[in-house]
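Student: Sharing a structure here in structure tokens format.
The values are calculated or read from the model by the stated rules, or taken from the named source; none is laboratory data. Note that this is a predicted model, so its numbers are computed, not measured. Glycine also receives a Cβ, built like all others from the backbone with ideal geometry; neighbour counts cover every protein chain displayed.
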Amino acid sequence: MTQKLLPTIQSPMQLHGMKLDQLNQIAEEIRETLCGLLSTRAAHFASNLGVVELALALHSTYDFLEDRLIWDTGHQVYPHKLLTGRYGEFHTIRTKGGLMGYPNPEESDYDLFMTGHAGASVSTAVGLRSGDEILGRDNYSVAVIGDGAFPCGMVMEAINNAAFLKTKMLVILNDNEMSICPPVGGVSRYFDRLRSGRFYKGVKTELVQMLGKVPVLGDPTERLLYQIKAGVKAGLHGGMMFEDLGFKYFGPIDGHDIGVVKKYLKMVRKIDGPVLLHVVTNKGQGFKPAVEDPVYFHTPAPFETVGDEAVHKPKSSAMAYTNHARDAIADQMDHNDRVTVITAAMCQGNKLEPVREKYPNRFFDVGICESHAVAFAAGQAKVGLRPIVDIYSTFLQRSFDQIFQEVCLQKLPVTFMLDRAGLTAVDGPTHHGTFDYGYLRLFPNMVVMAPGDANDIGAMLDFSLSHDVACSIRYPKTNAAEIRRDLQPIELGKSEQIREGHDGTIIACGTTLEAAMDAAEVLAQEGLNCRVVNARFVKPIDTEMIRTAIEGTGFVVTVEEAMLIGGFGSALLEAAHEMGLDTRKVTRIGIPDEYVQHQSRPEVLAAMKLDAAGIAEVCRGVVAKSSVKV
């Protein structure tokens, strides 16, 4: 298909004068562009295919330089970016210096918030509308949120507040029966009933016939009022929960019918107070493999399209840390029937499908509800189970208070497996798991561990499940290293020396161990012999190792894929100070006080000096500035 219209769109205002067949052609061109992107790199795919018509309807109806648009869980904004003047840069998305895979206010005035976590859109939209009202503006606020994110506690809090304030705004429920994995829980079942109810089945009959008499542009006031009345009456048949909460409910409607969606968008704008428009879409719409397997095609590996098929490029055979963690969890569940696993809509991301299938009674997907997941785990631990909470590092931040109040304060033995810890490369600042050392080591009754390689993961999990307080184990999204050595057992607060050396000590915290070993090898060839230590524990930290390193070698370099503020290096300096050691001999490598932008993993590690070359460079610099004699 030759792209004729999409490349000409420099502003969404150009869409306002277009006919329906032109908008549908742009929809096809957007899908072609998305498929072309996936031939070059991994990217969010099925979710973006599902919102093409919705994005077109929104931007061809409203002016979002004046009105406000928030996309919840912003990985679905690719069509939005293509329609807001970024077609020419779209090929750079998720590359260093290119477009971000999420909304980014630095890219465009159409991106108001950098949204990477689910559930905050309704709250921010209510706040935007409230602020505009205070400042005397009549800007309309729109939040687009998926059914998978809807059970988030924040969403319910925002709906409650919007109804109390009688906020004039629109919440679009994009119902595709999916989050990353199929949604779970009572809210999901409620949406199932709405979707299959009498009103939705009949939406293509009398209501569509009535709406068909209303032109897309220029609805007469009297006809619009009749349409509103009919919509409210219809809503009462299906969306009673929302009506009772104070929202006007409309739908469900076909989210892939641009004309119908546009008519509803025009209609609800005239209503005072909050409105919920229930739009049904298909995740992966327009590409058969993605429709059939939206879980896999959420963020698939690069592929070429051949007709209706996806031909994937060869993958690396190396095993990822996530898979090692999954296997360690499965092994524990095989041997201990008190072990449970809890995840928050990340079964597929954490590769837990085999665990779910084998142990359905001890596997719990609570949906995008991380705070609940942790408090739920606390309840299980209180009665004698050994729950494992398996959540991305960046998402576990959402349960900070529950880690404090429900777990650590109660001295409960919950195990936290933190996937995607460290730098998540092309996902960018919303997804980097760089803060967990800092926010977890704050709490009494919390052990913080970081495996140096794949060999440590199973041993650490075994240690955690026999320990009497909470423990955390964090690992990155990358292929796992396996350092050859005589493995030393996991002992509380004890590190592991991997390499001998007297000139300096490189202390690797976590999976920076492989790069530290490689750096030490390079330095040895230059005549600088460095000891290498696998820290293993951030808390409690190995104080004897610290004393030996500072007193017994010329310099100490700590290496961590985490924020320097509050991280492992900070913990080491605190301990050294308490012991009266010379902290001037310590140099820290980690992530500075900034949000790290999206780029490939090798690029970002090099930029932070967390690769072998960077570590070796820092060590050379330390020697050059000191009195160390080699």
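Student: Is it fair to say E482 is out of contact with any strand residue (DSSP E or B) (no Cβ under 8 Å at 6 or more places or on another chain) and either of a type in the set (S, T, N, Q) or without any contact (Cβ under 8 Å) to a residue 40 or more places away in the chain (or both)?
Tutor: For E482, the condition - out of contact with any strand residue (DSSP E or B) (no Cβ under 8 Å at 6 or more places or on another chain) and either of a type in the set (S, T, N, Q) or without any contact (Cβ under 8 Å) to a residue 40 or more places away in the chain (or both) - is met.
Student: Here's a follow-up. Quick one: in segment 382-439, which of the residues that are touching a strand residue (DSSP E or B) at 6+ places or on another chain (Cβ under 7 Å) and basic (K, R) is modelled with the lowest pLDDT?
Tutor: Across segment 382-439, the extreme among qualifying residues is R420.
Student: When you scan segment 333-364, how many residues do you find that are crowded, with 22+ Cβ neighbours inside 10 Å and in contact with a Gly (Cβ under 9 Å, 6 or more places away or on another chain)?
Tutor: Count: 3.
Student: For segment 128-139, indicate whether the set of residues that are in contact with a strand residue (DSSP E or B) (Cβ under 9 Å, 6 or more places away or on another chain), under 23 Å from H298 (Cα atoms) and not assigned by TED's automatic domain parsing to the domain that holds I368 is non-empty.
Tutor: So far as segment 128-139 goes, no, none of its residues is in contact with a strand residue (DSSP E or B) (Cβ under 9 Å, 6 or more places away or on another chain), under 23 Å from H298 (Cα atoms) and not assigned by TED's automatic domain parsing to the domain that holds I368.
Student: If you take the residues in segment 102-136 that are within 20 Å of the chain's Cα centre (by Cα) and touching a residue at least 60 places away in the same chain (Cβ under 8 Å), which one is farthest from A162 (Cα to Cα)?
Tutor: The extreme case among them is Y102.
Student: So which residues in segment 600-626 are in contact (Cβ under 8 Å) with a residue 40 or more places away in the chain and in contact with a Gly (Cβ under 8 Å, 6 or more places away or on another chain), if there are any at all?
Tutor: Once the filter is applied, which keeps residues that are in contact (Cβ under 8 Å) with a residue 40 or more places away in the chain and in contact with a Gly (Cβ under 8 Å, 6 or more places away or on another chain), segment 600-626 yields L605, M608, L610, C619, V622, V623, S626.
Student: I would also like to ask the following. Kindly list the number of the only condition in (1) charged (D, E, K, R); (2) out of contact with any Lys or Arg (no Cβ under 9 Å at 6 or more places or on another chain); (3) in the same structural domain as G590 (by TED's automatic domain parsing) that fails for E500.
Tutor: With respect to (1) charged (D, E, K, R); (2) out of contact with any Lys or Arg (no Cβ under 9 Å at 6 or more places or on another chain); (3) in the same structural domain as G590 (by TED's automatic domain parsing), E500 is out only on (2).
Student: Further question: Residue check: is T84 among the polar types (S, T, N, Q) and either surrounded by fewer than 18 Cβ atoms within 10 Å (Cβ to Cβ) or modelled with pLDDT under 90 (or both)?
Tutor: Criteria not met by T84.
Student: Related question: Would you kindly identify the helices (runs of 4 or more DSSP H) lying entirely within segment 17-131 that contain at least 3 residues that are charged (D, E, K, R)?
Tutor: Of the helices (runs of 4 or more DSSP H) lying wholly inside segment 17-131, those with at least 3 residues that are charged (D, E, K, R) span 20-37.
Student: Here's another thing I want to ask about it. If I go through segment 585-610 residue by residue, how many of them are within 16 Å of L564 (Cα to Cα) and either of a type outside the set (A, V, I, L, M) or in a loop (DSSP other than H, G, I, E, B) (or both)?
Tutor: The number of residues fulfilling the criteria is 11.
Student: Continuing with this model, one more query. Would you confirm whether any residue within segment 4-17 is in contact (Cβ under 8 Å) with a residue 60 or more places away in the chain and hydroxyl-bearing (S, T, Y)?
Tutor: Yes.
Student: Could you please let me know if F400 is hydrophobic (A, V, I, L, M, F, W, C), closer than 30 Å to K96 by Cα, surrounded by fewer than 23 Cβ atoms within 10 Å (Cβ to Cβ) and within 19 Å of the chain's Cα centre (by Cα)?
Tutor: The answer is no for F400.
Student: Can we say N24 is surrounded by 15 or more Cβ atoms within 10 Å (Cβ to Cβ), of a type outside the set (D, E) and either farther than 22 Å from P103 by Cα or touching a Cys at 6+ places or on another chain (Cβ under 8 Å) (or both)?
Tutor: When the stated conditions are applied, N24 passes them.
Student: Based on what the data block shows, is D456 in the same structural domain as D390 (by TED's automatic domain parsing), within 30 Å of D401 (Cα to Cα) and among the acidic types (D, E)? Step through it out loud before you land on a result.
Tutor: Numbers: in the same structural domain as D390 (by TED's automatic domain parsing): yes; within 30 Å of D401 (Cα to Cα): yes; among the acidic types (D, E): yes.
For D456, the condition - in the same structural domain as D390 (by TED's automatic domain parsing), within 30 Å of D401 (Cα to Cα) and among the acidic types (D, E) - is met.
Student: Evaluate segment 356-372: report whether one residue or more is under 21 Å from P476 (Cβ atoms) and among the aliphatic types (A, V, I, L, M).
Tutor: No, every residue in segment 356-372 fails to be under 21 Å from P476 (Cβ atoms) and among the aliphatic types (A, V, I, L, M).
Student: Could I ask something else about it? Could you check segment 616-630 and list, in sequence order, the residues that are in a helix (DSSP H, G or I), of a type outside the set (K, R) and farther than 30 Å from T92 by Cβ?
Tutor: A616, V618, C619, G621, V622, V623, A624
Student: If we scan segment 428-447, do we find a residue that is among the polar types (S, T, N, Q) and over 28 Å from the mean Cα position of the chain (by Cα)?
Tutor: Taking segment 428-447 as the starting set, the residues that turn out to be among the polar types (S, T, N, Q) are 430, 434, 445.
Filter once more, keeping what is over 28 Å from the mean Cα position of the chain (by Cα): none.
Checked against the condition, which is being among the polar types (S, T, N, Q) and over 28 Å from the mean Cα position of the chain (by Cα), segment 428-447 yields no hits at all.
Student: Across segment 499-527, what is the number of residues that are under 30 Å from M446 (Cβ atoms) and under 34 Å from the mean Cα position of the chain (by Cα)?
Tutor: 12
Student: From the list T33, T61, which residue is touching a residue at least 12 places away in the same chain (Cβ under 8 Å) and either in contact with a Leu (Cβ under 6 Å, 6 or more places away or on another chain) or within 30 Å of P151 (Cα to Cα) (or both)?
Tutor: T61
One line per residue, one yes/no per condition, for (1) crowded, with 19+ Cβ neighbours inside 10 Å; (2) under 24 Å from the mean Cα position of the chain (by Cα); (3) farther than 21 Å from F150 by Cβ; (4) of a type in the set (G, A, S):
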{"residue": "F250", "(1), (2), (3), (4)": "yes, no, no, no"}
{"residue": "I258", "(1), (2), (3), (4)": "yes, no, yes, no"}
{"residue": "V261", "(1), (2), (3), (4)": "yes, no, no, no"}
{"residue": "Y264", "(1), (2), (3), (4)": "yes, no, no, no"}
{"residue": "G273", "(1), (2), (3), (4)": "no, no, no, yes"}
{"residue": "V280", "(1), (2), (3), (4)": "yes, yes, no, no"}
{"residue": "A290", "(1), (2), (3), (4)": "yes, yes, yes, yes"}
{"residue": "D293", "(1), (2), (3), (4)": "no, yes, yes, no"}
{"residue": "Y296", "(1), (2), (3), (4)": "no, yes, yes, no"}
